[in-house]
1. For an R0 of 30 angstrom, estimate the FRET efficiency from the Cβ-Cβ distance between M42 and L74 and round to the nearest 0.05.
2. Efficiency by 1/(1 + (r/R0)^6): what FRET value for R112 and E12, r their Cβ-Cβ distance, R0 = 35 Å, to the nearest 0.05?
3. Karplus couplings for the range 24-37 from phi (6.51 cos²θ - 1.76 cosθ + 1.60, θ = phi - 60°), rounded to Hz, Gly and Pro as x?
4. By per-residue mean of other Cβ atoms within 10 Å, what is the highest-first order of 50-63, 7-20, 26-39?
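Only the coordinates and a few stated rules stand behind these numbers; no lab work does. These numbers were taken from a predicted model, which means no experiment stands behind them. All Cβ positions, even for glycine, are placed from backbone atoms using ideal geometry, and neighbour counts span all protein chains on display.
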Amino acid sequence: MDTGREPLWQEEPAARPRLADPVRTAAVRAVIIVAITLIGAMVAFLCTLAGSWLAFPAVLGTVAGTVVATWAVLDVWVTRQVWVQRHGVQSQPSSTARELRRERRQERRRQRRERPTPADRAAA
């Protein structure tokens with residue numbers, strides 16, 4: 001049943017390809033850890049302003065959280081590098097220099113094919 005209306009949304013291709021599953025998992029984990037660490041830092045700061053006994057443990061927790069958050073962010077980077085190394089990437093030449101190199105390489109191959117070999121010279 002066609003009503004003549006356009007659909008509410010139209011699917012468009014993504015500008016960038018989706019992250020690989022292991023990389024995305026590491027990135028989500030890192031974001032959650034960083035968010036919790038920032039909340040802990042804010043709690044430590046507010047407890048310090050209030051003069052609460054909880055300030056010292058909160059600061060220690062924030063320091064530990066900072067170490068863990070740094071580790072999590074490095075894990076994203078390492079996971080991405082490992083994934084690219086194992087599975088490769090599809091590169092599409094976008095540079096004009098690559099195109100020129102390809103043309104020169106094809107021209108050299110063509111010239112090599114047309115050049116007579118020593119066996120052809122001896123037969124002549």
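1. Once the sixth-power term is evaluated, E becomes 0.80.
2. Calculated value: 0.15.
3. 5, 4, 5, 5, 5, 4, 5, 5, 5, 5, 5, 5, 5, 5
4. Per-residue Cβ counts within 10 Å, averaged per peptide and sorted highest first, yield 26-39, 50-63, 7-20.
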